[in-house]
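Trainee: Okay, here's the structure, questions in a sec.
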Amino acid sequence: MSESAIAERERGLHKSLTKAQAVMIGLGGTIGTGLFMGSGIAIGYAGPAAIVSYMIAGFAALIVVFSLSEMAVAHPTAGSFGVYAEAYLNPWAGFMVRYTYWLAQVIAIGGEAVAAGAYMTYWFPGIPVWIWSVGFAGSLLYVNSRSVANFGTFEYWFALIKVVAIVCFIILGMAAIFGVGTAPVGLHNVVGLPGGFVPNGFGGIWMAVIVGIFSFFGIEVIAVASGEIKEPAKVIPAALRTLTLRLALFYVLGLSIVVAFVPWTMTGATVVAQSPFVKVLTYSGVPYAAGIMNFVVVTAALSSINTNIYLCSRMIFSLSRGGYAPGILGKLSKSGVPVGAILASGAGIMVSAALSRLTPMAYNYLFGIALFDAVVVWMVILASHLVFRRRHANPASAARAPFFPYLQIIGLLLLGAIVITMGLDPAWNLSWMIGVPWLLLITGIYFVWKARRGRRVEQ
């Protein structure tokens, strides 16, 4: 089946999203617990050099963005990279990557919900985390079920709150570091502590890259939303590149302030219970500042949950329209929303969110599994783009990826090395223990489905 025919299956979604909403949706999907909470894990690995780790992760994300934007402009569709994998690699790849992405997002949402619940203990220590987690997830499932315009409006304001907060945090933090209007904080905590800037060597930097990759996971939301964006050929490349540059700036400068203000041994953590950004403001002694930042962090988590529910539902919708999932999941409401797909995703989200009742390590476990799946998805995107460019040697597109195919090969090698590292490290090998069996399971399901479908056609 041709790429145009595959994309045609997904007609019916309403093109209601503007460029401003698309950019904010992208920021909302990526600026979440990966930055506000996961950064504590990255600092624990690399110390101040976590800044370098996030730069490496940002470079990998930019490569994916270049590849994805070129294909999304050519084929704006809800199935996005799943459709591209089906068209340019093979049907199994399209089947596998869409279900894997769905699983990654379901687990990531569960992790975000767990993190949001943990943040709420700042004000309500007596209420269990799982109650907050399930309550937040349920509320945002309802928001997504109304209309895509409703989702876009909510996400715009969610994202705007945390973007404004991050910008203010960076401005005030930089002013304090360099002594604008106050005694300078300086860079002692960045370079002057035992071990200097790189206390744990390159190994620490590399392990923190794993966390950094997760922080950029979600940039692909604009490509998934391409089937519901007004003027996709104009909006997608501009939105994706603006998004990536803003994220890199926010992450690098935000982390720089964290490690400058508070010794990295105090902000780094194995089991994350509090955002290092909140620790900075608590340490600064500014009245109510820590509480305000905690509110921002909660908002960031809710924003990510909102966006990732959207992503989950569109992947299942795409699978259903392709005949890879029950037909009811591909049906649209009067407002153009796949409500069945949203509810199906919600069931998995509630299960992962409820894990917080079982172990305080719930966030770490969900984090690791989602990351494994995310890296697999990014590798499939790059592989699909290599074939896409062979078929369309000179695509007339404003989103043409530079330095092809060298960047794509570098990206595949980098992501492959991360996957191998996760399998060898005891702290991350749970992701392999679940991720690899999942890939084998979904492959087996695909071939069973294919065989049964072939028999039905013969009859």
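Trainee: Pull up the stretch 406-435, narrow it to residues that are outside any helix (DSSP H, G or I) and out of contact with any helix residue (DSSP H, G or I) (no Cβ under 6 Å at 6 or more places or on another chain), then point me to the one that is surrounded by the fewest Cβ atoms within 10 Å (Cβ to Cβ).
Mentor: Among those residues, the one meeting the criterion is Pro426.
Trainee: Of everything in the stretch 146-160 that's among the small types (Gly, Ala, Ser) and in a helix (DSSP H, G or I), which residue is nearest to Gly291 (Cα to Cα)?
Mentor: To start, the set of residues in the stretch 146-160 that are among the small types (Gly, Ala, Ser) comprises 147, 149, 152, 159.
Narrowing further to those that are in a helix (DSSP H, G or I): 149, 152, 159.
On the way: Ala149: 31, Gly152: 27, Ala159: 19 Å.
Looking at residues that are among the small types (Gly, Ala, Ser) and in a helix (DSSP H, G or I), I get Ala159.
Trainee: Let me ask something else about it. Does any residue in the stretch 179-207 that is more than 30 Å from Val419 (Cβ to Cβ) come within less than 7 Å, Cβ to Cβ, of a residue that is exposed (fewer than 13 other Cβ atoms within 10 Å of the Cβ) and of a type in the set (A, V, I, L, M) six or more places away or on a different chain, and which pairs are these?
Mentor: Pairs found: none.
Trainee: What's the number of the condition Ala115 fails, among (1) touching a Ser or Thr at 6+ places or on another chain (Cβ under 7 Å); (2) more than 30 Å from Gly291 (Cβ to Cβ)?
Mentor: (2)
Trainee: Ok, one more. Looking at (1) buried (at least 24 other Cβ atoms within 10 Å of the Cβ); (2) more than 23 Å from Ala399 (Cβ to Cβ); (3) in contact with a Ser or Thr (Cβ under 9 Å, 6 or more places away or on another chain), which is the only condition Gly173 fails?
Mentor: Every listed condition holds for Gly173 apart from (1).
Trainee: On the given criteria, is Ser318 surrounded by 24 or more Cβ atoms within 10 Å (Cβ to Cβ), among the hydroxyl-bearing types (Ser, Thr, Tyr), modelled with pLDDT of 85 or more and closer than 19 Å to Gly82 by Cα?
Mentor: No, not satisfied.
Trainee: Of all residues in the stretch 306-326, which are more than 14 Å from Ser145 (Cβ to Cβ) and touching a residue at least 24 places away in the same chain (Cβ under 8 Å)? Can you show your working first?
Mentor: Within the stretch 306-326, the subset more than 14 Å from Ser145 (Cβ to Cβ) is 307-308, 311, 315, 318-326.
Answer for the stretch 306-326, where residues must be more than 14 Å from Ser145 (Cβ to Cβ) and touching a residue at least 24 places away in the same chain (Cβ under 8 Å): Thr307, Asn308, Leu311, Met315, Ser318, Leu319, Arg321, Gly322, Gly323, Tyr324.
Trainee: Given the options Val106, Val163, Val134, Val143, name the one that is in a helix (DSSP H, G or I), farther than 29 Å from Ser226 by Cα and β-branched (Val, Ile, Thr). Before you say what the answer is, go through the steps one by one.
Mentor: On the way: Val106 fails: farther than 29 Å from Ser226 by Cα; Val163 fails: farther than 29 Å from Ser226 by Cα; Val143 fails: farther than 29 Å from Ser226 by Cα.
Answer to the selection: Val134.
Trainee: Of the numbered conditions (1) in a loop (DSSP other than H, G, I, E, B); (2) of a type in the set (Val, Ile, Thr); (3) in contact (Cβ under 8 Å) with a residue 40 or more places away in the chain, Ile222 fails exactly one; give the number of that condition.
Mentor: All conditions are met except number (1).
Trainee: In the stretch 133-156, what residues are hydroxyl-bearing (Ser, Thr, Tyr) and without any contact (Cβ under 8 Å) to a residue 40 or more places away in the chain?
Mentor: Of everything in the stretch 133-156, those that are hydroxyl-bearing (Ser, Thr, Tyr) and without any contact (Cβ under 8 Å) to a residue 40 or more places away in the chain turn out to be Ser139, Tyr142.
Trainee: Something else: Is the stretch 385-407 home to any residue that is modelled with pLDDT of 90 or more, under 25 Å from Trp206 (Cβ atoms) and either among the β-branched types (Val, Ile, Thr) or touching an Asp or Glu at 6+ places or on another chain (Cβ under 9 Å) (or both)?
Mentor: Looking through the stretch 385-407, none of the residues is modelled with pLDDT of 90 or more, under 25 Å from Trp206 (Cβ atoms) and either among the β-branched types (Val, Ile, Thr) or touching an Asp or Glu at 6+ places or on another chain (Cβ under 9 Å) (or both).
Trainee: With Val148, Val167, Val134, Val163 as the choices, which residue is farther than 21 Å from Gly26 by Cβ and among the β-branched types (Val, Ile, Thr)?
Mentor: Of the residues listed, the single one that is farther than 21 Å from Gly26 by Cβ and among the β-branched types (Val, Ile, Thr) is Val134.
Trainee: Given the stretch 1-97, what helices (runs of 4 or more DSSP H) lie entirely inside it while holding 3 or more residues that are touching a helix residue (DSSP H, G or I) at 6+ places or on another chain (Cβ under 9 Å), modelled with pLDDT of 85 or more and of a type in the set (Val, Ile, Thr)?
Mentor: By residue number, 50-74.
The values are calculated or read from the model by the stated rules, or taken from the named source; none is laboratory data. All figures in this text were calculated on a predicted structure; none of them were measured in a lab. Here Cβ is always computed from backbone atoms with ideal geometry, including for glycine, and neighbour counts include all displayed protein chains.
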